[in-house]
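Structure record follows, encoded as structure tokens.
The values are calculated or read from the model by the stated rules, or taken from the named source; none is laboratory data. All values derive from a computational prediction rather than experimental measurement. Quick reminder, even Gly has a Cβ in these numbers, built from the backbone with ideal geometry, and neighbours come from all protein chains shown. Keep in mind that these areas ignore ligands, DNA and RNA; they rest on the heavy atoms of the full protein, side chains included. Shrake-Rupley method; radii C 1.70, N 1.55, O 1.52, S 1.80 Å.
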Amino acid sequence: MAQTVQDTVTAAQPGMDPALNPERILETATAFWASKTLLAAVSLDLFSVLSDRRMQAAEIERALQLHPRATRDFLDALVALRFLDRDDDDADAHYYNTPETAMFLDRASPAWLGGLPAMMNERLYAYWGDLEEALRTGKPQNEIKHTGKPLFEALYEDEERLRIFLEAMSGIQTGNFHVLASKFRSE
């Protein structure tokens, strides 16, 4: 019989209040695993590669130039996180987008907002890794840290980073733009 985290901790700590539970702490402490898995999938453009197709792990591996060592684990993690679906449990299984990822993370979708997670991966993820430094020193942990230039000055000097930033801002506002446009159409 499988033990829960609570059972394991309680057994290891005699006299511990059984009402106390470390699950929320552990869930939050490991939340970056799920986040980075999703961010990597967006960065690799996995959801656009899949689009409306079903592909086997080996096909995805070739399309994204992934190493075979981790491909199935990566795809199965995305299934467990409910960002992908899988039609079987065997080695020949086909992976495909969920309705949510097809709508919001396939570049071909008019509701694509993948620019925001792409920017989070490319720009923000590393900066959050320096949170302790920011808390101790009060110094900014964004572009100014590495270039000495304010955020937008640094962004405008790097076309790729600017493109990523603009895609993020466009993606996060797409829903608002559609609502605004519908107001004009309905009047």
Worksheet entry | Sequence-separation-based contact order of the stretch 70-187, relative, with Cα cut under 8 Å and 6+ spacing, percent | 21 percent
Worksheet entry | Segment Met103-Asp87, length gained on full extension (0.36 nm per residue, minus Cα span) | 3.8 nm
Worksheet item: Given R₀ = 30 Å, FRET efficiency for His178-Phe152 by Cβ-Cβ distance, to 0.05?
Response: 0.65
Discussion item. Among 34-43, 140-149, how do they line up by average Cβ neighbours within 10 Å per residue, starting with the highest?
Written reply: 34-43, 140-149
Discussion item. Could you check the spin-label model distance between Ala29 and Lys139? Points 7 Å from the Cα along Cα→Cβ, value in nm.
Written reply: 2.9 nm
Response to the item:
The ³J(HN,Hα) series, computed from each phi in the stretch 18-25 with the Karplus coefficients 6.51, -1.76 and 1.60 at θ = phi - 60°, rounded to the nearest Hz and given as x for glycine or proline, is x, 6, 7, 9, x, 4, 5, 4
Fill in: Nearby aspartates and glutamates by direct alpha-carbon distance to Lys145 (threshold 20 angstrom, same-chain neighbours under 8 apart not counted)
Glu122, Asp130, Glu132, Glu133, Glu153, Glu157, Asp158, Glu159, Glu160
Worksheet item: GNM, the chain, Cα, under 10 Å: largest mean-square fluctuation among Leu78, Leu50, Leu66?
Response: Leu66
Worksheet item: Out of Asp52, Asp92, Asp106, any idea which swings most in a Gaussian network model of the chain, alpha carbons joined below 10 Å?
Response: Asp92
Worksheet entry | Solvent accessible area, Å² - Phe83, 1.4 Å probe, full protein context | 50 Å²
Item to complete: Provide the per residue accessible area, probe 1.4 Å, for the chain, rounded to a whole number of square angstrom.
Response: 67 Å²
Practice prompt. Please give, to one decimal in nm, the separation of the simple spin-label points placed at Arg161 and Ala70, each 7 Å out from Cα toward the Cβ.
Written response: 2.5 nm
Fill in: the stretch 49-58 - phi-based ³J(HN,Hα) in whole Hz, Karplus 6.51/-1.76/1.60, Gly and Pro as x
4, 5, 6, 9, 9, 10, 10, 7, 3, 5
Response to the item:
Given the candidates Gly129, Leu155, Thr30, the one whose Cα lies deepest towards the positive end of the charge dipole of the chain, counting +1 at each Lys or Arg C-beta and -1 at each Asp or Glu C-beta, is Leu155
Worksheet entry | C-alpha center-to-center spacing [the stretch 103-172, the stretch 21-82] in angstrom | 21 Å
Discussion item. Springs between alpha-carbon pairs under 10 angstrom, Gaussian network model over the chain: which of Ala31, Ala168, Ala93 fluctuates most?
Written reply: Ala31
Worksheet item: What part of the accessible area of the chain, given as a whole %, is carbon or sulfur when the probe is 1.4 angstrom?
Response: 58 percent
Discussion item. Explain nothing, just the number: dipole magnitude of the chain about its Cα centre with +1 on each Lys and Arg Cβ and -1 on each Asp and Glu Cβ, in debye rounded to the nearest 20.
Written reply: 540 debye
Worksheet entry | Whole-number Å³ per residue for the convex hull built on Cα positions in the chain | 232 Å³
